[in-house]
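Structure record follows, encoded as structure tokens.
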Amino acid sequence: MKKLISVAATAAVVAIALSGCSGSAGSSSDQANGKVALTFWHGYTEADGGVLDSIVNDFNASQSNITISTQTKTWSVIDDTLLPALSSKNGPDIVAMTSDRLPVYAQKKALVNLDDFYAQDSSNTKALKPEAVNMETVSGKKYGVPSGFVPLSVIYNKTLFAQAGITTFPTTWDQWVADAKKLTVDSNGDGTPEQYGLALPDHATVGNGIWPSLFEGNGGSVTSSDGTQATVNSQANIDTLTYWAGAIQKDKISPTGLDGIGADKLFTAGKAAMEVGGPWMAGVATTSNIDYGLAAIPAGPKAQVASAIGISLAVTAQTDATKQVAAEKFLAYFNDKTTAVKWSLGSGWPPLRTDISSADVNSNATVASLTEIAPNTVALLPGVVDSADVLTAVDTATQKAVAGGDPKQLLDDAQTSIQQALKG
Amino acid sequence: MTTFGQPKALTLSGTHTRRRGDPMRWAYFAGFLIVTLALMLPVIIIVLTAFKPASEVNAYPPTLLPHQWTLDNFAAIFSQLPFGRLLGNSFAFAGGVTIFALVFDSLAAYALARLDFRGSRVLLIVIVASLMIPFQATLIPIYQLVSQLGWVNTFAGLIAPRAADAFGIFFLRQFFVSLPRDLDNAARIDGASEWRVFRSVVLPNAVPALLTLGIFTFVNNWNDLLWPLVFTTDQNMGTVTSGLTLLTGPGGIIPQGVMMAGALVAVLPLAIMFLLVQRRFIESVASTGLK
Amino acid sequence: MTTARLQRTRPFRPHGQLGGRTPLNGTFKRRATIVGFLAPALVILAAFVGWPMISALRLSFTDASGFGTPTFVGLDNYTRIFTDPEILHSMGNTAYYAVMFTPVSIAVALMLALAINSPRLPFRSFFRSTLFLPFIISLAVAAFAWSYLLDPQIGLLNYWLAAVGIHLGNVLQDPVLAMPTVVLVAVWKNFGFYMVIFLAGLQEIPTSLYEAAQLDGANGWRRFTNVTFPMLSNTMAFVVVVALIAALQAFDQIYVLTGGGPYRSTETIVMQIYQSGFKDLDLGFASALSYVLLIVTLLLSLVQFLFFGRRGEANNS
């Protein structure tokens, strides 16, 4: 026991000593001599992270008194730790977050309003895609700049397509379902296909964007464009849900009860010929030895629309005036055309500026093909603060409909829940 | 205080084996082995997945054994993460919490179990009640306090809030209360101080409980994800468990083979520790003469 | 042999003439001793548990978000809890989870502990270590293994069962089966923890008691009900309370397995607390909900203690 206590005492001394050494490493300690040190949290863990870090380094080199240090965390870790960190002003000065999270932080006054920044020509924001900037707007004010705005696209298994004799990728819903039927194989005739034409999740879809994309393809929507009214029980949406639920139930083109991650697994297992996914599925397919192709989501009766996976850079409310100016300088640098091309090529994400064409980025084939699809990309529920409850309501309706429920009744229920979520 | 030593215990088990005979014993063993293996199926999957190449992890048809064994996942762990540093941080954090908590918890539990004082029962109820608030509710106030102390990104900040915990006090108190009082009363008559009774009589008899609590505390802190993530924003302070989250790719896609390999390496110290310590459960009890 | 239990600590009287200290022998030195033993733990608990709990209580009467100055809103958060159908639904789910998880995990752990404790079992330390493994692996990894087993299309268990003509279906996405499945995984993850506590308790039981029972001709079941179970009552009281607290705070195993779905059928109170605190940034509401959970847990625990206390006493008298 004596030993144990002496160990504990030593540990206590060590702990206190350690706290003494590193406790003083505050980010603002340099401010007295005119230097500004900023911290920047982002969730780009792959090659994109390396490119972003090098952009930050270039920016630091271009500035005499601003130094930004980046910290890589995953998106979910940023979301779980940002609140405690900011509540004690230990958080980042610049933070990258997924677009569904930005409105909440903006509404709770954790982020700086960037309207004045957008008004300056030097901010390089004029050339940004308006659809992408749309996801930064909460109650009419802007709180971030887009760093990612990637359309959902269809990834397909070329081997399975060849086996089914399909040579061109479908461009309309009817062709899409017809091809999916051809690709659905129930070889033992037990009613459960061994291979599905399309892994179409009925809830928790990739970026929550599949059903909103389908709704908009038929001219419907989940909420009004300003995010104040629920519009989910329109006749167009009832038709859309009936159409796809029927394709899944009757034609068995996809299993029921599937979520986004399940769809990814099914595709990588070679048990589904197509999946709607994010651009990263290309890399996942490669490691799974699947010969894949990427294509735009086929057009619905009214339009070809793809919901976006969006990421934004925001300045947090813990910054003082000096830091805010410095952070905005970086955002302006990030929006600059040269940086934007570098970011796009390095990250594999389509460019965020309207003045960069697919020709500018054709050295990266994935980026070039995503850029072709990009014009019809829309932000998911821009400006909706309580997007979690809205999306749960949509998920409940779609999952129950695919399991055999009445689409009209389900969308009416969703309408009530969403209207409540938008008010609260 | 009567001492029933090892011989009689052996007699007891001896009667069993003599009466039932060996075949029963081995049938019992075989039955239990099957139950254990069934329960271990998920663990077996984890181990074998760590040796599968990426293309096999989600392949269909699913298989238990890899078609092609690979060590790539383990190589990836060590090349993608500063694993040595993460392991060191994990040891410092989980080990620090465990040592402090064992000392402070056992002191408090001794007072609650043995030093009868006015209000001890109320105090115990208050301590147990503090377990009933979910930590999600107190995390932010704790963080603000640690931040005011200037302990964010330090081991002090990671360890101090957990240097004593209600669970451990409650656990040891229940254990101390069931230890026969004859021993410590005898020591008190001999003029021993409470400190001496605690140190020389109660603690030696409580080794199994202390080891049990020590393992729980260590495992829980070792595997804790949110705590180190919240209290250390500096990557150099990361633990194995928080470091493994960095393997998550875009879209939340997890390279599962690599993740399983990382989990195996992360769990190895825990398994070794338990193996070493669990032998002592029996030995210590056998040697205390408390039976 | 003492049979002191939680509610019986204070009226303790030392056996016979031994240890003549009484609870109120309040000399300064004795008080200093008591304070000395309690102080280190209580200082830590007061600072890092007590104070945060008081902060949370204060927040529960405000609209705090973590940023800016919170406004006092009176009992609004509390009235919201009892008028929000989603919250009430998650309370029902939590109760359902606790009713399944608590007895099942305790029964499984106790049975395995008894089996491992039996001298008839060879290689006991092998079993003890192996069965503890689910507890020491991290949850994220365990969740992977279970979804590898349970996936309806490419899962191993489904694949094996399909070979013998059984279709398990999509258990985690079935509104009826999802909760029992989540409970099953949680029991699997945690039984090793309770098992080891029971083992420590079993080690404490004097062999003499079993010998006496054996001389009286008691069979295995009688030995369990007359010796093992009463002698485990302190351990049992502990495990029941701890398992109940864990069950009522069920969060992460459900979060990784179903995310609360399908249709919120596995959404628990702590998932709501997490959602309101960390996602909706509504700390006031999350704090209020946490306090409601604390009070419910406290009441249930007191009932449990009374129940087990009575039972234990009846068995020992």
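The values are calculated or read from the model by the stated rules, or taken from the named source; none is laboratory data. On a predicted model such as this, the values are computed, not experimentally measured, just so you know. Cβ atoms come from the backbone with ideal geometry, glycine included; neighbour counts cover every protein chain shown.
Answer yes if at least one residue in the range B:224-247 is in a loop (DSSP other than H, G, I, E, B), of a type in the set (S, T, N, Q) and in contact with a strand residue (DSSP E or B) (Cβ under 7 Å, 6 or more places away or on another chain), and no otherwise.
Within the range B:224-247, the first condition is being in a loop (DSSP other than H, G, I, E, B), and the residues that meet it are B:224-225, B:232-234, B:238-239.
Then drop every residue that is not of a type in the set (S, T, N, Q), which leaves B:232-233, B:239.
After this cut, where a residue has to be in contact with a strand residue (DSSP E or B) (Cβ under 7 Å, 6 or more places away or on another chain) as well, the list is B:233.
For the range B:224-247, residues in a loop (DSSP other than H, G, I, E, B), of a type in the set (S, T, N, Q) and in contact with a strand residue (DSSP E or B) (Cβ under 7 Å, 6 or more places away or on another chain): present.
Could you grab me the full set of residues in the range A:156-178 that are touching a residue at least 24 places away in the same chain (Cβ under 8 Å), in a helix (DSSP H, G or I) and not polar (S, T, N, Q)?
Hits for the range A:156-178 are A:LYS158, A:LEU160, A:PHE161, A:TRP173, A:TRP176, A:VAL177.
Return the only residue of A:SER221, A:SER187 being in a loop (DSSP other than H, G, I, E, B), hydroxyl-bearing (Ser, Thr, Tyr) and under 27 Å from A:LYS265 (Cα atoms).
A:SER187
Can you name the residue in the range B:85-114 that is touching a Pro at 6+ places or on another chain (Cβ under 7 Å) and within 7 Å of another protein chain (Cβ to nearest Cβ) and, of all such residues, is surrounded by the most Cβ atoms within 10 Å (Cβ to Cβ)? Break it down stepwise before answering.
First, the residues of the range B:85-114 that are touching a Pro at 6+ places or on another chain (Cβ under 7 Å): B:93, B:104, B:107.
Right, trim to within 7 Å of another protein chain (Cβ to nearest Cβ) and you get B:104, B:107.
Working: B:PHE104: 25, B:LEU107: 22.
So, considering only residues that are touching a Pro at 6+ places or on another chain (Cβ under 7 Å) and within 7 Å of another protein chain (Cβ to nearest Cβ), the one surrounded by the most Cβ atoms within 10 Å (Cβ to Cβ) is B:PHE104.
If A:VAL390 satisfies every condition in (1) of a type outside the set (S, T, N, Q); (2) assigned by TED's automatic domain parsing to the domain that holds A:ASN113; (3) out of contact with any Phe, Trp or Tyr (no Cβ under 6 Å at 6 or more places or on another chain) but one, which is the exception?
(2)
Quick check on my filter: what residues within the range C:215-224 are within 16 Å of C:ASN117 (Cβ to Cβ) and either among the small types (Gly, Ala, Ser) or without any contact (Cβ under 8 Å) to a residue 24 or more places away in the chain (or both)?
Step one: list which residues in the range C:215-224 are within 16 Å of C:ASN117 (Cβ to Cβ), which gives C:220-221, C:223-224.
Those that are within 16 Å of C:ASN117 (Cβ to Cβ) and either among the small types (Gly, Ala, Ser) or without any contact (Cβ under 8 Å) to a residue 24 or more places away in the chain (or both): C:GLY220, C:TRP221, C:ARG223.
Given the residues A:THR354, A:THR322, A:THR316, A:THR339, which is the only one that is assigned by TED's automatic domain parsing to the domain that holds A:SER69 and within 19 Å of A:THR98 (Cβ to Cβ)?
A:THR316
What pairs come up if the first residue lies in the range B:44-69 and is more than 9 Å from chain A (Cβ to nearest Cβ) and of a type in the set (Val, Ile, Thr), the second is surrounded by fewer than 21 Cβ atoms within 10 Å (Cβ to Cβ) and not in a helix (DSSP H, G or I), and their beta carbons are under 9 Å apart, counting only those six or more places apart or on different chains?
B:ILE44/B:LEU64; B:ILE45/B:LEU64; B:THR49/B:PRO66
From (1) in the same structural domain as A:GLN399 (by TED's automatic domain parsing); (2) among the hydrophobic types (A, V, I, L, M, F, W, C); (3) buried (at least 23 other Cβ atoms within 10 Å of the Cβ), pick out the condition that doesn't hold for A:ALA295.
(3)
Taking only the range A:230-263 into account, find how many residues are free of Cβ contacts under 8 Å to residues at least 24 places away in the same chain and of a type outside the set (S, T, N, Q).
Total satisfying the criteria: 3.
Looking at the range A:81-100, I want the residues that are at negative phi and have a partner that is part of a helix (DSSP H, G or I) and among the basic types (Lys, Arg) with Cβ atoms under 8 Å, at least 6 apart or on another chain. Which pairs are those?
Here the result reads A:ASP93/A:LYS323, each pair linking the range A:81-100 to a residue that is part of a helix (DSSP H, G or I) and among the basic types (Lys, Arg).
Given B:ALA75, B:ALA54, which one is surrounded by fewer than 18 Cβ atoms within 10 Å (Cβ to Cβ) and farther than 30 Å from B:TRP195 by Cβ? Talk me through it step by step, then tell me what you get.
Values: B:ALA54 fails: surrounded by fewer than 18 Cβ atoms within 10 Å (Cβ to Cβ).
On inspection, the qualifying residue turns out to be B:ALA75.
From the list C:ILE269, C:ILE273, which residue is β-branched (Val, Ile, Thr), at the interface with another protein chain (Cβ under 7 Å from one of its Cβ atoms) and under 28 Å from A:SER417 (Cβ atoms)? Break it down stepwise before answering.
Numbers: C:ILE269 fails: at the interface with another protein chain (Cβ under 7 Å from one of its Cβ atoms).
Only one candidate passes the filter, namely C:ILE273.
Tell me the residue from C:LEU215, C:LEU281, C:LEU302 that is within 10 Å of another protein chain (Cβ to nearest Cβ) and modelled with pLDDT under 90, please. Don't jump to the end; show me each part of the working.
On the way: C:LEU215 fails: within 10 Å of another protein chain (Cβ to nearest Cβ); C:LEU281 fails: modelled with pLDDT under 90.
Of C:LEU215, C:LEU281, C:LEU302, the one residue that is within 10 Å of another protein chain (Cβ to nearest Cβ) and modelled with pLDDT under 90 is C:LEU302.
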